[in-house]
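K.L.:
Take this structure first; my questions come after.
The values are calculated or read from the model by the stated rules, or taken from the named source; none is laboratory data. Computed from a predicted model, the values in this text were never measured in an experiment. Cβ placement follows ideal geometry from the backbone for every residue including glycine, while neighbour counts extend to all protein chains displayed.
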Amino acid sequence: MNADKMDVYGGKKIMKLRIPVALTVAGSDSGGGAGIQADLRTFAFHCVHGTSAVTCVTAQNTLGVMRVDALSAEAVKAQIEAVVEDIGVDAVKTGMLLNREIMAAVASGVEALNIRNLVVDPVMVSRSGDRLIDDGAIAFLQDVLIPMAAVVTPNRFEAQILSGLEIASLDDMRSAAEKIHSLGAKAVLVKGGGMKGDLRGIDVWFDGTRLDVLKTENVDTLNTHGTGCTLSAAISANLALGKDLFTAVTLAKNYVTTALKYALDIGEGQGPVGHFFPLLLK
């Protein structure tokens, strides 16, 4: 945590304001819709200083991903250490970690640097259901990284893998949230963005005692690229601002809903949400 500091300028003591800081550990999206680009915009919107540790570089646009190049685990860990040891962080989110080696480097950094307020977006399955990481990485995520998390935010397909349950109903989402919570995270948010019908956009929260269904307005748009990244980044930003976990999640969900209303219709495919929607108001 960053504390207020007293600096001396011209013989006078001046109080430096405390600046909340969040760190994203994720991949780069060349199209600017998801990954660290979406995360840093989300941090900025919430008046939180954004820092980053890049895990991979993707060549992608609104139509899809053409190429992914991973950074070394050592490079990822060095970025985390450089930020935390000098600037300090109030919250951290993880996105695309790509492989077991990078996950191990992140977990090592979280433990060694005593990082709190860890938000794990377990990016391992796309919204269409395509697997993005191998079985070894999934096992490490379950066994090591998720138990370190303040909250984990799987989509429907990721929740199915983590829980071992098929998810087709609200009761299924509740059961999956309870099962995933048993992996060790403080709280679980099973996202309903990949669900059909009335369940689309409905999320399920479980923290060991409180099992809640979180509902917001269902926004009808095809331009939803980066919603998962944006949600986890907004949760992290609110935690950095000192909000409690449940409040951080509900505020983040409301932010994403509004950003979807001002989604950007760019490119020939799926455009991103409008992170700075006040600038888009007419």
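Conditions (1) more than 25 Å from VAL144 (Cβ to Cβ); (2) hydroxyl-bearing (Ser, Thr, Tyr); (3) touching a residue at least 40 places away in the same chain (Cβ under 8 Å), marked per residue:
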{"site": "PHE157", "(1), (2), (3)": "no, no, no"}
{"site": "LEU162", "(1), (2), (3)": "no, no, yes"}
{"site": "ILE167", "(1), (2), (3)": "no, no, no"}
{"site": "GLU178", "(1), (2), (3)": "no, no, no"}
{"site": "LEU183", "(1), (2), (3)": "no, no, yes"}
{"site": "LEU189", "(1), (2), (3)": "no, no, yes"}
{"site": "GLY192", "(1), (2), (3)": "yes, no, no"}
{"site": "LEU211", "(1), (2), (3)": "yes, no, no"}
{"site": "ASP220", "(1), (2), (3)": "yes, no, no"}
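K.L.:
Can you tell me which residue in region 1-18 is modelled with the highest pLDDT, limited to those that are loosely packed, with under 12 Cβ neighbours inside 10 Å and either of a type in the set (Ser, Thr, Tyr) or not in a strand (DSSP E or B) (or both)? Even if it seems obvious, please write down each step before you answer.
P.N.:
At the first step, the residues of region 1-18 found to be loosely packed, with under 12 Cβ neighbours inside 10 Å are 3-17.
Still in the list and also either of a type in the set (Ser, Thr, Tyr) or not in a strand (DSSP E or B) (or both): 3-4, 9-11, 17.
Working: ALA3: 51, ASP4: 59, TYR9: 59, GLY10: 62, GLY11: 65, LEU17: 79.
Filtering first and then ranking leaves LEU17.
K.L.:
Of the conditions (1) part of a loop (DSSP other than H, G, I, E, B); (2) under 25 Å from THR250 (Cβ atoms), PRO147 satisfies every one except a single condition; which number is it?
P.N.:
(1)
K.L.:
Another question, then. For region 85-106, how many residues are within 21 Å of ALA185 (Cβ to Cβ) and in contact (Cβ under 8 Å) with a residue 60 or more places away in the chain?
P.N.:
11
K.L.:
Of all residues being within 17 Å of the chain's Cα centre (by Cα) and assigned to a strand (DSSP E or B) in region 109-139, which is farthest from ALA248 (Cα to Cα)? Just the residue, please.
P.N.:
VAL125
K.L.:
Next question, about the same structure. For LYS253, are the conditions met, namely being among the basic types (Lys, Arg) and either touching an Asp or Glu at 6+ places or on another chain (Cβ under 9 Å) or buried (at least 17 other Cβ atoms within 10 Å of the Cβ) (or both)?
P.N.:
Numbers: among the basic types (Lys, Arg): yes; either touching an Asp or Glu at 6+ places or on another chain (Cβ under 9 Å) or buried (at least 17 other Cβ atoms within 10 Å of the Cβ) (or both): yes.
Here the answer is yes, as LYS253 does meet what is asked.
K.L.:
If I ask for residues that are under 25 Å from ILE235 (Cα atoms) and free of Cβ contacts under 8 Å to residues at least 24 places away in the same chain, which ones from region 59-84 would you list?
P.N.:
Passing the criteria: ALA78, ALA82.
K.L.:
Select from region 59-108 the residues that are assigned to a strand (DSSP E or B), surrounded by 14 or more Cβ atoms within 10 Å (Cβ to Cβ) and among the charged types (D, E, K, R) and list them in ascending order.
P.N.:
Answer for region 59-108, where residues must be assigned to a strand (DSSP E or B), surrounded by 14 or more Cβ atoms within 10 Å (Cβ to Cβ) and among the charged types (D, E, K, R): just LYS93.
K.L.:
With the requirement that a residue be more than 12 Å from the chain's Cα centre (by Cα), surrounded by 24 or more Cβ atoms within 10 Å (Cβ to Cβ) and part of a strand (DSSP E or B), what does region 19-42 give you?
P.N.:
ASP29
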